[in-house]
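Below: the structure, in structure tokens.
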Amino acid sequence: MKKILIAPFVFLVRGYQLLISPYLPSTCRYSPTCSQYTLEALKKHGLFKGGWLSVKRIFSCNPWGGSGYDPVP
């Protein structure tokens, strides 16, 4: 059931990684990148908690946010 719910979001993130990200400069301040973090969070925690973790991570990826190694909890 969890895989069915997250499938469209995984598809969107993978599409971004393959079609858009290669043409943009690398600006993510974290390791793993925000898109990879999103995939891992969705697969590990499901749509709601994984989605929330992803949103928090994306909003913290700015010059005034954190940086460095930040794995999915």
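Of all residues in segment 1-28, count the ones that are outside any helix (DSSP H, G or I) and buried (at least 16 other Cβ atoms within 10 Å of the Cβ). Working first, answer last.
So in segment 1-28, the residues outside any helix (DSSP H, G or I) come out as 1, 24-28.
Adding the requirement that they be buried (at least 16 other Cβ atoms within 10 Å of the Cβ) leaves 28.
So the answer is 1.
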_Enumeration of residues in segment 64-73 that are loosely packed, with under 10 Cβ neighbours inside 10 Å, in contact (Cβ under 8 Å) with a residue 12 or more places away in the chain and either among the acidic types (Asp, Glu) or farther than 26 Å from Lys2 by Cα (or both)_ = Gly68, Tyr69
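Can you name the residue in segment 38-59 that is in contact (Cβ under 8 Å) with a residue 12 or more places away in the chain and either farther than 18 Å from Lys2 by Cβ or assigned to a loop (DSSP other than H, G, I, E, B) (or both) and, of all such residues, is most open to solvent (accessible area, probe 1.4 Å)?
Taking segment 38-59 as the starting set, the residues that turn out to be in contact (Cβ under 8 Å) with a residue 12 or more places away in the chain are 38-47, 50-51, 53-54, 57-58.
Of the ones still in play, those that are also either farther than 18 Å from Lys2 by Cβ or assigned to a loop (DSSP other than H, G, I, E, B) (or both) are 57-58.
Numbers: Arg57: 7, Ile58: 92 Å².
Per the criteria, the residue is Ile58.
The values are calculated or read from the model by the stated rules, or taken from the named source; none is laboratory data. What you see is a predicted model, and the numbers here were worked out from it, not measured in a lab. Cβ atoms come from the backbone with ideal geometry, glycine included; neighbour counts cover every protein chain shown. Only protein heavy atoms, including side chains, enter the accessible area calculation; ligands, DNA and RNA are left aside. Shrake-Rupley method; radii C 1.70, N 1.55, O 1.52, S 1.80 Å.
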